[in-house]
Amino acid sequence: MNATAITADAATIEAADKAARHWVSPDPGPLKPGSEAHKRAVCAMFHETFNPYKPSVIEWPKLDPETLHKITSLPIWDIAVQTEGKARLRMAAYARIIADPDMSKTIELNGWEENRHKEVLSKLVEAYDIPLEPEPEYRQPKDPEWAYLVTGYSECVDSFFAFGLFELAKRSGFFPAELVETFEPVMQEECRHILLFANWVAWHRARLPLHRRIWFELRVAAVWAFLGWERIGIARGMDDGGKDKPKAQDNNFTVTGSKSVSAEDISVPELMRICLEENDRRFAGYDRRLLRPTTMPTLVRIALKFMPKPRQKAAA
């Protein structure tokens with residue numbers, strides 16, 4: 001289905017957008033990971049909050065020259081398009097090997113939404129004439145589960161920072177109101193994606209026999225080590241002055257981009273607090289019995305305990 005071909009009246013679009021942000025399971029009692037009730041709730045949440053209109057319905061606003069320059073100068077567009085291209089392929093590949101039909105259909109829909117994000121970004125690039133490097137060949141993963149784990153945990157890390165940076169850009173006026181409205185549903189869909197992933201991990205883990213669970217936990221640890229090493233390599237690459245510097249900036253934008261989206265000098269603790277607030281706000285509308293991604297919020301809350309408190313601004 002062509003993601004950009006769906007149309008509807010304004011009231012229908014608004015109702016669908018609201019429904020995408022609020023969902024509670026009608027089933028009473030706890031949702032124990034691995035249980036049928038938990039799986040049913042996870043799949044129902046994702047399908048019933050699916051928004052067929054946003055971000056498919058897009059009227060790209062005309063931008064003044066200064067704003068257009070700021071948007072097109074952001075070092076994120078190459079990696080954003082390529083990341084969505086990889087994600088759609090990896091999720092589709094993993095959906096095909098899942099034995100459970102309900103979870104398979106849900107992750108397949110997740111992959112479709114990733115493809116829609118890629119279409120949205122491609123249309124933005126086209127509308128504002130943003131130059132991109134040639135896209136690489138997207139290949140089917142040899143190990144679909146590993147690829148899905150890498151993609152899922154990467155999104156958990158990147159979305160946490162992206163929520164805060166998007167809010168910072170909105171507060172600073174870096175993004176005009178029209179673009180904020182355009183990308184807001186994309187950000188909320190990312191929230192749904194990592195909510196699904198966190199609950200899939202818990203559901204999958206709980207259903208594994210002991211010997212396979214140990215192997216799974218080793219794989220998860222390896223994924224985190226891989227992501228940590230990848231980001232350390234990116235950070236080093238930013239200072240090498242070599243050919244890979246633009247790519248390094250693209251990949252590391254989620255943790256270094258505050259100065260690119262705001263003229264105000266914001267400290268790391270302030271940015272981390274905004275990320276936490278936005279993370280909590282975006283998840284607030286979903287059933288609290290569903291698990292949330294916890295690694296980045298926990299690490300940031302621990303780090304904030306050792307960071308200086310913000311100074312009170314002197315009265316004028």
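Taken together, the values in this text are just the output of simple stated rules run on the coordinates, not laboratory data. Predicted, not measured: the structure shown is a model, and the values here were computed from it. For neighbour counting, all protein chains shown are included, and Cβ atoms are generated from backbone atoms with ideal geometry for every residue, glycine included.
Size of the dipole of the range 34-305 about the Cα centre, Lys and Arg at +1 and Asp and Glu at -1 on the beta carbon, nothing else charged, in debye to 20?
1200
In what order do MET91, MET272 fall by count of nearby beta-carbon atoms within 10 Å, going from fewest to most?
MET272, MET91
Search the structure for amide H atoms under 5 Å from the amide H of TYR286, placed 1.01 Å from N in the peptide plane, and list their residues when 5 or more places away or on another chain.
TRP23
Loop only per DSSP, at most 12 neighbouring Cβ atoms within 10 Å: give me the GluC sites (Glu not before Pro) in the range 52-132, ordered by residue number.
For GluC sites (Glu not before Pro) across the range 52-132 that sit outside H, G, I, E and B with at most 12 neighbouring Cβ atoms in 10 Å, the list reads GLU59.
Arrange the following residues from fewest to most other Cβ atoms within 10 Å of their Cβ: ILE79, ILE97.
ILE97, ILE79
With a 10 Å radius around each residue's Cβ, average the other Cβ atoms per peptide and rank 159-167, 171-179, highest first.
159-167, 171-179
Listed here are the pairs LYS18/LYS62; LYS39/LYS105; LYS32/LYS142; which of them are more than 20 Å apart at the Cα?
LYS18/LYS62; LYS32/LYS142
For ARG40, what charge total do you get from the other residues with a beta carbon under 13 Å from its beta carbon, if Lys and Arg give +1 and Asp and Glu give -1?
Net charge in that neighbourhood comes out at -2.
How many nm separate the modelled label positions at ALA206 and ARG40, each set 7 Å beyond the Cα in the direction of the Cβ?
The answer from the label model is 1.4 nm.
Quick one: what do you get for the range 34-305 if you divide its Cα Rg by 2.2 N^0.38 Å?
Normalised Cα radius of gyration, the range 34-305: 1.01.
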